[in-house]
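Every number in this text was worked out from the coordinates using simple rules, so none of it is lab data. Predicted model, so just to flag it, every value in this text is computed and none were measured. Quick reminder, even Gly has a Cβ in these numbers, built from the backbone with ideal geometry, and neighbours come from all protein chains shown.
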Amino acid sequence: MITLPTVETIRKLAANTASAASAADTASAIISPYKKIIIYGAGNLGKRTLAILTNLGRQDDVAFFLDANPSGKTHYANIPIVLPDSDTVSDAIKEKALVIVAVMLNKSDYNSLEKRIKGYGYQNTLNAYALMTTSVQVSRVSEDMRYISDSADAVCDAFMLLSDEHSKSVFANILQAHTQHNYGDAIDANIPQYFDNSVPFANNYRRFVDCGAYNGDTLNELMSRTKCEWYIGFEPSLESYSLLVKNAMSYKIDTLCLPLAISDESGFVKFDDRSSGNSRIAEDGKSILQTVRLDDIIKNPDGLTIKMDIEGSEAAAICGAERLIKSGAPDLAICVYHYVSDLWEIPNMLHVLTPQYRFYLRNHYEYTFETVLYATVGGR
């Protein structure tokens, strides 16, 4: 793990980006000692793990899924789904197979789950995120990992914008994870996402704009921690939206929930609607979705806090909020983990729009996931 990084550290990391081929080699090496593989979790992350194993040529070695709540399903992709405490699994399989744990949990809950799995007799476990090196999206314009080294100057510019040593350590360790294909050392902030008291937000969450509101999980945290005056939530997934509305109706503040996506222009796009919270705009999506610009929806920029977790559409959404950001300098909490390049491109973009912003970077989960850039003019 890197501590007290300098700009020279960052430039060296960017310059020494490993190739995409070595990412696959790294993932293959992790699982190569095991002839049989079991995937714990038959949900979206489990399915994504199977896709990665397929790309690595190991799909035929997947013996079965383990899932404590299979919802009546017995197979996925012709692979059996088995209960974790099933007595049909031999001791030999439990001893020799690798169980890839494909469930997104915080460190404490993951450790508890891993302990339960081993209590069932399975002896070898691996967090699925250790294999995500082969499926990382580099940028919106290139999937070549050399894009990082080609962007070394911009990477260093973003690093120098960060306002505290913790942010710089997070930046350096995430960059190292991506450039060296080793995702075990990214710093976990171990604090509630979007509500870090060490970030000196100027507006105290008084007026909250939630882009990617999901089922109201952030709204619930907001109401338990702050004195919010009003809330606007945007959630395009209809299943999640219905849960968001139910949540919002339980609070005695002004709330407005809209089944729209935030982007850089108003229009209609194809949409991949998933119930797991990672619905996204996609060319092969089966739904049609309306997009809007924040600048067209919100007229008064005063006192805003804007959160964005919109599956890689954050940069476009920022472009669609240019007036609000320039004129009101709202507090921002922007997810920067859907593309590697968001780590430097989004802070550089925001610095151009509002040079007085101070930037803080926090990682709220292991393996570079749930990384949030906070921007504020507070604390000056």
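Below are the figures for this structure:
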read-out	value
For segment 94-100, Karplus couplings with θ = phi - 60° (6.51, -1.76, 1.60), whole Hz, Gly/Pro x	4, 7, 9, 6, 9, 9, 8
Within a Gaussian network of the chain (alpha carbon springs, distance under 10 Å), most fluctuating of ALA177, ALA316, ALA77	ALA77
Of all DSSP beta bridges in segment 38-148, antiparallel share, percent nearest 5	15
FRET efficiency, 1/(1 + (r/R0)^6) with R0 25 Å, evaluated for ASP60 and LYS118 via beta carbons	0.45
Mean Cα-pair separation over length for the chain, i.e. relative contact order, pairs under 8 Å, 6 or more apart, %	17
Distance-filtered residues of segment 307-327 - backbone nitrogen under 18 Å, label point 7 angstrom along ARG225 Cα→Cβ	307-310
Tail weight of P(r) past 17 Å, computed on alpha-carbon pairs of segment 20-134, percent	51
Three-way shape label, segment 241-380, alpha-carbon gyration tensor, a/c 1.5	rounded
By average C-beta atoms within 10 angstrom, highest first, the peptides 292-299, 258-265, 80-87	258-265, 292-299, 80-87
Karplus-derived HN-Hα couplings along segment 88-93 (A = 6.51, B = -1.76, C = 1.60, θ = phi - 60°), whole Hz, x at Gly and Pro	8, 8, 6, 4, 5, 5
Rg/Rh (Cα only; Kirkwood hydrodynamic radius) as it applies to the chain	0.98
Anchor LYS168: lysines whose Cα lies under 23 Å away (excluding residues fewer than 8 positions away in-chain)	LYS12, LYS107, LYS307
Share, in percent, of DSSP beta bridges within the chain that are antiparallel, nearest 5	35
Over the chain: helical MRE at 222 nm, DSSP H runs n ≥ 4 each giving -39500 (n - 2.57), nearest 500	-10000 deg cm²/dmol
Ranking of THR3, THR125 by count of other Cβ atoms within 10 Å, fewest first	THR3, THR125
From phi via Karplus (6.51, -1.76, 1.60), per-residue ³J(HN,Hα) for segment 209-217 in Hz, x at Gly/Pro	10, 10, 9, x, 6, 6, 9, x, 5
Distance in nm between pseudo-label sites at ASN44 and ASN69 (7 Å out along the Cβ direction from Cα)	1.5
Long-range HN-HN contacts of LEU260 with modeled amide H, under 5 Å	GLU235
Ranked list, fewest to most other Cβ atoms within 10 Å of each Cβ, for CYS319, CYS257	CYS319, CYS257
Where a label projected 7 Å from the Cα of ASN204 along Cα→Cβ would reach, residues of segment 356-380 with amide N under 15 Å	378-379
